[in-house]
Amino acid sequence: MARQIRHGGLSYAIKSRPVAGGEMRPFACVVCHACAVVKEVLFNCPAKKPDRLAERFQDEGWEFDAFNANRITCPDCLARRAAARRGESGRAAKSRPVPTPSEGTVVTLHLKPEAGTVLPPNKTELTVEERSRVRDLLLGTFDEKAGQYSEGWSDLRVADEAEGVPPKLVADLREIAFGPLRAVVELEPLQARLGAVDGRVETLLRELAGIQDEQAKLRASIADATKRLGVR
């Protein structure tokens, strides 16, 4: 699991991810406030150099403010905003003819999955619409400060309410945009300590088995020697 660090008052999170060769490197992660698309860039000193971080995201075409999450905007949303301001989007929609499918044309319909539908195992990212639905649900059900859901809610329920979104992708977006579950954060070190103790117990049990085996061999040797020497 990638290690995430959230800096108080900042609009981005830091995740440590493995790169080529297995070395762990820090990545700055942001979420577009308009469509919830996620962007990550490699960065070495995020906490100390927010100006340099801004340059990295701006080079990628993003609007970026290290201290204001409402000014984190992806290139697509910036383009739509600019088009709306120029009035081009409305005029283009009115003037653009609606094509009539001809014979042999494949028309894709985006329908809500039926109950029990098994999603493709290779779905690795959310669409813009799915990210928006998940983000809206998280805003109303997840308490970022408490690090927990409202009663009755979970990643699984958000995934179901968002019309068949994989729970794993809901959890990924929640961790980046809203933070980790406190229960997971508190349990992880305890589970790690338990794993270490379990390992020590297994080692001691193996050592004890070896000692008991040596003890049995010594008792047998003493019994043989006593019998051979006629000692009672």
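Just so you know, all these numbers are worked out from the coordinates, no wet-lab data involved. These numbers come from a predicted model, not from an experiment. No Cβ is skipped: glycine too gets one built from the backbone with ideal geometry, and neighbour counts run over all protein chains shown.
Quick rundown of the values:
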quantity: Counted charge near R71, where neighbours are those whose Cβ lies closer than 10 Å (Asp, Glu -1; Lys, Arg +1); calculated: -2
quantity: Among 189-198, 50-59, the order from most to least packed when residues are scored by Cβ within 10 Å on average; calculated: 50-59, 189-198
quantity: Two-site label geometry, R86 and L218: point separation in nm, points 7 Å out along Cα→Cβ; calculated: 9.0 nm
quantity: Calculated FRET efficiency for the pair V38/R200, C-beta based, R₀ 41 Å, to 0.05; calculated: 0.55
quantity: Formal net charge of residues neighbouring A162 (Cβ-Cβ distance under 10 Å; K, R +1; D, E -1); calculated: -2
